[in-house]
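K.L.:
Provided herewith is a single structure, encoded as structure tokens, for subsequent inquiry.
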Amino acid sequence: MRRRRTGRVVLGAVGAVLLAGCGIRTTSVPVDAGPAPSRVPCSVADGAGASAQGAPLRVYLLCGAQLEAVERRSPLPEEKVSGDPVRTASALLAQLQSEPSEEERQAGFATAVKGPLRVGGGHRGDPAGTLRLSRQPEDLPPTVLAQIVCTFAESAAGAGGTSVVLGGPGKYEPRRYGCTRELKERPESPVPSAPAAPGASADASAPAS
């Protein structure tokens, strides 16, 4: 009887050594790894959390480390926004700086655009359709600029062709910024830009300088 019990002890010790040699740590209690990670939906009903009145607006928010479009409504009447690029840009920028609604937060949306930040028309001699921010675009964090560029570019405030001409408050020449698929997937990367000469377009591979 004693030999059988001794054999079991030896086998148990050998098993523990083998497990240790394989890099497996033994434990006498169950391990709770927690719930499986869940993915945020990044989707809300059109205009959720916003008034049904006012002009419809489309803004780009952050969700799941990417840019995703959200439908909003401006408190201004539609006739006050449509047809005026500067007023459209101002309404869009106000939406970007506002906190997401409860429905948007639950869906995983957030914004990196914080105030105070304003937008106005171009200076004399600027290319047609230029918008100038109260801060130099290159001084903004890439994610903030990506939100603004994609929101402006795909609206009546844009320069057409998924781009927008932006400048700052000083005398620096404005540049044409492009909203690309790659930028939407990686908004923390440099926003592609090019000189805002007539006919120029943003090169998707050219970083903002």
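K.L.:
Residue 136 - would you say it is of a type outside the set (Ser, Thr, Tyr), open to solvent by 20 Å² or more (accessible area, probe 1.4 Å) and under 15 Å from residue 61 (Cα atoms)?
P.N.:
No, not satisfied.
K.L.:
I'd like to verify a number: residues in the stretch 161-186 that are under 21 Å from residue 69 (Cβ atoms) and touching a residue at least 24 places away in the same chain (Cβ under 8 Å), how many?
P.N.:
Here the count works out to 12.
K.L.:
Checking the condition surrounded by fewer than 23 Cβ atoms within 10 Å (Cβ to Cβ) and either assigned to a loop (DSSP other than H, G, I, E, B) or more than 15 Å from the chain's Cα centre (by Cα) (or both), which residue from 170, 158 passes?
P.N.:
Of the residues listed, the single one that is surrounded by fewer than 23 Cβ atoms within 10 Å (Cβ to Cβ) and either assigned to a loop (DSSP other than H, G, I, E, B) or more than 15 Å from the chain's Cα centre (by Cα) (or both) is 170.
K.L.:
Next question. Here is a list of conditions, (1) within 14 Å of residue 67 (Cα to Cα); (2) of a type in the set (Ser, Thr, Tyr); (3) more than 19 Å from the chain's Cα centre (by Cα), and residue 111 meets all of them except one; can you say which number that is?
P.N.:
Going through the list (1) within 14 Å of residue 67 (Cα to Cα); (2) of a type in the set (Ser, Thr, Tyr); (3) more than 19 Å from the chain's Cα centre (by Cα), residue 111 breaks only (3).
K.L.:
Could you tell me which numbered condition residue 144 fails, if it satisfies all but one of (1) touching a residue at least 40 places away in the same chain (Cβ under 8 Å); (2) part of a helix (DSSP H, G or I); (3) not small (Gly, Ala, Ser)?
P.N.:
(1)
K.L.:
Suppose we filter the stretch 141-172 for residues that are modelled with pLDDT under 95 and either of a type in the set (Lys, Arg) or more than 21 Å from residue 59 (Cβ to Cβ) (or both); how many remain?
P.N.:
3
K.L.:
In this structure, does residue 103 turn out to be in a loop (DSSP other than H, G, I, E, B), closer than 25 Å to residue 186 by Cα and open to solvent by 60 Å² or more (accessible area, probe 1.4 Å)?
P.N.:
Considered against the rule, which asks whether it is in a loop (DSSP other than H, G, I, E, B), closer than 25 Å to residue 186 by Cα and open to solvent by 60 Å² or more (accessible area, probe 1.4 Å), residue 103 comes out as no.
The values are calculated or read from the model by the stated rules, or taken from the named source; none is laboratory data. Since we're looking at a predicted model, the values are computed, not measured. Cβ: placed from backbone, ideal geometry, glycine included. Neighbour counts: every protein chain shown. Note: areas computed on protein heavy atoms with side chains; ligands, DNA, RNA excluded. Shrake-Rupley method; radii C 1.70, N 1.55, O 1.52, S 1.80 Å.
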